[in-house]
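Comments concern the structure below.
The values are calculated or read from the model by the stated rules, or taken from the named source; none is laboratory data. Keep in mind that this is a model prediction, so the values were computed, not measured. Glycine also receives a Cβ, built like all others from the backbone with ideal geometry; neighbour counts cover every protein chain displayed.
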Amino acid sequence: AEVSTQSTGSPVQTMKAVKNEVELQGMRDCHVRDGAALCEYFHWLETTDQSPLDEVDGADQAEKFRSAQDLYVSLSFDTISSSGPNGAVIHYKPEKGSCRPIDRSMVYLCDSGAQYRDGTTDVTRTIHMGTPTERQRECFTRVLMGHIDLAMAVFPPNTKGTCLDCLARRPLWSVGLNYQHGTGHGVGSFLNVHEGPCRIAAGSRMTKHEMGLRKGMILSDEPGYYEAGEYGIRIESLVEVVETEVGPEDGRFLTFRPVTMAPIDLGLVVKEMMSRDQVTWLNKYHAEVREKVLALWESQEKGEELKQWLINQTREI
């Protein structure tokens with residue numbers, strides 16, 4: 001007898017991808033603690049007199065700040081702590097003996113995350129502790145504009161992420177720039193930091209089992225730009241798929257709400273390049289980061305200097 005087979009996605013994947021309210025609240029909560037730890041790391045990086053200080057030292061220090069947070073279990077992946085040209089290596093892993101010192105006169109990219117009992121984090125921030133070039137600021141701002149444009153997208157339920165990918169690339173594409181990786185991946189709840197079946201990637205990367213976006217999913221929003229041999233730029237936050245108030249009652253359109261709570265380096269931002277809506281989004285995001293992280297630090301009795309650092313990092317532009 002002839003046997004026919006059918007290949008389909010696992011129902012377990014769907015259950016993991018669409019979080020319930022307990023999982024969603026856990027993700028929101030752990031990202032405040034994780035963002036606070038990342039803020040402590042960047043403040044330490046800017047103020048420490050430790051010398052020499054290399055990329056591995058930085059990664060180890062970031063882990064120390066995270067491990068002090070409630071419900072911390074482990075890192076969610078090896079920290080990508082990359083200074084200058086190493087930032088242009090997309091999946092770089094620093095190792096003692098071959099890594100670079102962290103140079104305050106160069107772009108520094110840190111892609112890191114942790115597993116907490118209530119959720120999983122994955123965040124990339126790119127900073128400059130000296131004076132960036134105009135080219136670096138322009139490229140950073142274009143990456144940021146794409147990050148925000150994707151975050152502000154409004155779309156029907158079950159839209160595939162591959163249909164949204166170009167929103168994050170448009171500010172780069174318009175001047176002939178691009179990046180050679182996907183724009184977003186699903187993230188598990190105290191599970192895999194890269195998890196299907198939802199994703200945001202170029203159309204050529206679309207997979208047969210890619211799942212349309214639904215309320216309750218968590219994905220990354222992470223455009224970048226890489227100048228080989230010079231520097232790398234990536235801005236990654238996790239976002240929650242939430243309902244809007246537009247569209248039919250039985251199928252409200254969806255958008256993204258940031259879950260990651262960590263400031264974006266304003267010293268690399270060229271405000272004049274951005275639209276009014278993009279500036280408003282950034283100011284609103286920074287106000288939320290400031291409010292939530294400061295509230296946590298109040299309960300942890302953190303020092304005034306650290307709080308003032310965060311207030312400056314999240315100032316309105």
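Results for (1) touching a strand residue (DSSP E or B) at 6+ places or on another chain (Cβ under 7 Å); (2) without any contact (Cβ under 8 Å) to a residue 12 or more places away in the chain; (3) of a type in the set (Ser, Thr, Tyr); (4) outside any loop (DSSP other than H, G, I, E, B), shown as yes or no for each residue.
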{"position": "Val246", "(1), (2), (3), (4)": "no, no, no, no"}
{"position": "Thr255", "(1), (2), (3), (4)": "yes, no, yes, yes"}
{"position": "Ala262", "(1), (2), (3), (4)": "yes, no, no, no"}
{"position": "Arg290", "(1), (2), (3), (4)": "no, no, no, yes"}
{"position": "Leu306", "(1), (2), (3), (4)": "no, no, no, yes"}
{"position": "Trp309", "(1), (2), (3), (4)": "no, no, no, yes"}
{"position": "Glu316", "(1), (2), (3), (4)": "no, no, no, no"}
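Here's a check for you: in the stretch 132-184, which residue that is outside any helix (DSSP H, G or I) and among the polar types (S, T, N, Q) is surrounded by the fewest Cβ atoms within 10 Å (Cβ to Cβ)? Lay out the reasoning, then the answer.
As a first pass, look at the stretch 132-184 and keep what is outside any helix (DSSP H, G or I): 132-133, 152-160, 164, 174-184.
Retained after the next criterion (residues that are among the polar types (S, T, N, Q)): 133, 158-159, 174, 178, 180, 183.
Working: Thr133: 12, Asn158: 11, Thr159: 16, Ser174: 10, Asn178: 12, Gln180: 8, Thr183: 28.
Only one residue fits best here, namely Gln180.
Within the group Val246, Val187, which residue is surrounded by fewer than 16 Cβ atoms within 10 Å (Cβ to Cβ), farther than 21 Å from Thr141 by Cα and of a type in the set (Val, Ile, Thr)?
Details: Val187 fails: surrounded by fewer than 16 Cβ atoms within 10 Å (Cβ to Cβ).
Every option except Val246 fails the conditions.
Here are Asp34, Asp29, Asp49: which of them is surrounded by fewer than 21 Cβ atoms within 10 Å (Cβ to Cβ) and modelled with pLDDT of 95 or more?
On the way: Asp34 fails: surrounded by fewer than 21 Cβ atoms within 10 Å (Cβ to Cβ); Asp49 fails: modelled with pLDDT of 95 or more.
Asp29 is the lone residue from the list that is surrounded by fewer than 21 Cβ atoms within 10 Å (Cβ to Cβ) and modelled with pLDDT of 95 or more.
Name every residue in the stretch 55-102 that is part of a loop (DSSP other than H, G, I, E, B) and without any contact (Cβ under 8 Å) to a residue 12 or more places away in the chain, in order of residue number. Outline the logic, then answer.
Filtering the stretch 55-102 down to residues part of a loop (DSSP other than H, G, I, E, B) leaves 68-71, 76-79, 89-100, 102.
Selection gives His91, Gly97, Ser98.
Report, by residue number, each residue of the stretch 143-193 that is in contact with a Cys (Cβ under 8 Å, 6 or more places away or on another chain) and small (Gly, Ala, Ser).
Of everything in the stretch 143-193, those that are in contact with a Cys (Cβ under 8 Å, 6 or more places away or on another chain) and small (Gly, Ala, Ser) turn out to be Gly161, Gly186.
One residue is enough: does the stretch 222-241 have a residue meeting the conditions in contact with a Ser or Thr (Cβ under 8 Å, 6 or more places away or on another chain), among the charged types (D, E, K, R), surrounded by fewer than 23 Cβ atoms within 10 Å (Cβ to Cβ) and more than 23 Å from Arg117 (Cα to Cα)?
There is no residue in the stretch 222-241 that is in contact with a Ser or Thr (Cβ under 8 Å, 6 or more places away or on another chain), among the charged types (D, E, K, R), surrounded by fewer than 23 Cβ atoms within 10 Å (Cβ to Cβ) and more than 23 Å from Arg117 (Cα to Cα).
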